[in-house]
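Everything below concerns the one structure shown next.
The values are calculated or read from the model by the stated rules, or taken from the named source; none is laboratory data. Here the structure is a predicted model, which means the values were calculated and not measured. For neighbour counting, all protein chains shown are included, and Cβ atoms are generated from backbone atoms with ideal geometry for every residue, glycine included. To get the accessible areas, we keep the full protein, side chains included, count just its heavy atoms, and leave off ligands, DNA and RNA. Shrake-Rupley method; radii C 1.70, N 1.55, O 1.52, S 1.80 Å.
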Amino acid sequence: MSDTSTRDTVILGSGCAGLTAAIYAARANLKPLVLEGHEPGGQLSITTLVENFPGWPEGVQGPELIENMKQQAARFGAELQMTELVSADLSKHPYVLDLGPGKEPIHTRTLIIASGASARWLSLPSEQALIGHGVSSCATCDGFFASGKEIAVIGGGDSAMEEALFLTRFATKVTLINRTDRFRASRIMMERATAHPSIQLLSSTVVEEVLGVEQKEVRGLRLRNVKTGERTELPVSFMFLGIGHTPNAKPFHGQLDLDPDGYILTHGNVFVTRNGRDVPGVFACGDIQDRRYRQAITAAGTGCMAALEAEKFLEDHGR
Ligand code: NDP
């Protein structure tokens, strides 16, 4: 038995995975503390209509879905805190979480890491202003809204190729814009994209501005050819970013096994390791450990698994 100031369960992240873990952990009476992180609500909070989350036949707004999950978790006793983890010491149990200067460190018996992966953006003010109004980082989520429209996809890797190919189901024309003339995508994906009659490749080109901020909808892109300096306008109604994701695993570098791109490696869905050995009571769920599916429902699924494993760990170790 441990002292009462030590938490049973702390959950990092308040996206779909973290909040599902919170609902399960709270219903198991673990009184979880959720540290909401630097993007509260995760990627769903910056999307619009979610049409593929089971149970919502007419779809649901991403922020509403997240708000409902928060309320559901809070109803069973989860505590949510608008704060971010700075570093974690996972070398001895109970684990110590550092929240930065002037804040009390938190001790916890189990830790559920659901800090997600952030989509990369171009970071143009016009792009940021139009997120959810024609600018999207998720083709699966928002592709349907591009039906019958001409659109652009940014990037030259496999994600961009995959998004462009997927979006040809909806859009009448897809312009794929890559900042260099070297494409990172695998040969097979490149061949598929170049062979597709609705996809046009534009290389050595950068987006300088997304047009339509005043109208609150994407009206086009102002482009610059980096070789010639020539500026052009491309009339499109949507811009999809396919320039990769960054996993939010910084506090765990050197503490947990990560893949070469910084995603947390898991086995048995949610178990994490350090130098190949399990780290007892620490679990990872959602996009921080899933670069393949990246869906709200799969994140929720692994969030549930992580909470059930945390509960089992606490039972097995005399909570
Ligand atoms: P990558 O890192 O492979 O590619 C990112 C692309 O975005 C590059 O073309 C890069 O350009 C470009 N980019 C990055 N930042 C910017 C920026 N600020 N402005 C403009 N362009 C930018 O990421 P992916 O997500 O495509 O792939 C990640 C991994 O996942 C890869 O290993 C990939 O193979 C795999 N994957 C596999 C899939 C499949 O097999 N079906 C599908 C999706 C991903 P630059 O080259 O100039 O840096």
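Within segment 154-164, not a single residue is touching a residue at least 24 places away in the same chain (Cβ under 8 Å), more than 11 Å from the ligand (Cβ to nearest atom) and of a type outside the set (Gly, Ala, Ser). What pairs come out if I take residues in segment 65-82 that are over 15 Å from residue 45 (Cβ atoms) and pair them with residues that are of a type in the set (A, V, I, L, M, F, W, C) and open to solvent by 40 Å² or more (accessible area, probe 1.4 Å) whose C-beta lies under 7 Å away, six or more apart or interchain? If the second residue must be of a type in the set (A, V, I, L, M, F, W, C) and open to solvent by 40 Å² or more (accessible area, probe 1.4 Å), the pairs left are 74/80.
Kindly establish whether residue 228 is assigned to a strand (DSSP E or B), β-branched (Val, Ile, Thr) and either without any contact (Cβ under 8 Å) to a residue 12 or more places away in the chain or exposed (fewer than 15 other Cβ atoms within 10 Å of the Cβ) (or both). No; evaluated as a whole, the condition is false for this residue. Counting the residues of segment 120-146 that are charged (D, E, K, R) and farther than 18 Å from residue 246 by Cβ gives 1.
The residue that is most open to solvent (accessible area, probe 1.4 Å), among those in segment 136-171 that are in a strand (DSSP E or B) and more than 25 Å from residue 261 (Cα to Cα), is 150.
When segment 281-304 is filtered for residues that are open to solvent by 70 Å² or more (accessible area, probe 1.4 Å) and farther than 15 Å from residue 44 by Cβ, the ones remaining, listed by number, are 291, 292. Within the option set 221, 258, 241, being farther than 19 Å from residue 137 by Cβ and either of a type in the set (A, V, I, L, M) or without any contact (Cβ under 8 Å) to a residue 24 or more places away in the chain (or both) holds for one residue only, 258.
In segment 114-130, the residues that are touching a residue at least 24 places away in the same chain (Cβ under 8 Å) and away from the ligand (no atom under 15 Å from the Cβ) form Cβ pairs under 7 Å with partners that are in a strand (DSSP E or B) and of a type outside the set (Val, Ile, Thr), at six or more places apart or across chains, as follows: 114/12; 115/12. Filter segment 186-206 down to residues that are part of a strand (DSSP E or B) and closer than 12 Å to residue 175 by Cα and give me whichever is most open to solvent (accessible area, probe 1.4 Å). Per the stated criteria, the residue is 200. A single member of 235, 251 is assigned by TED's automatic domain parsing to the domain that holds residue 138 and either over 22 Å from residue 18 (Cβ atoms) or crowded, with 16+ Cβ neighbours inside 10 Å (or both), and it is 235.
Selection over segment 16-65 of residues that are more than 25 Å from residue 93 (Cβ to Cβ), of a type in the set (Gly, Ala, Ser), open to solvent by 10 Å² or more (accessible area, probe 1.4 Å) and assigned to a loop (DSSP other than H, G, I, E, B) gives a count of 2.
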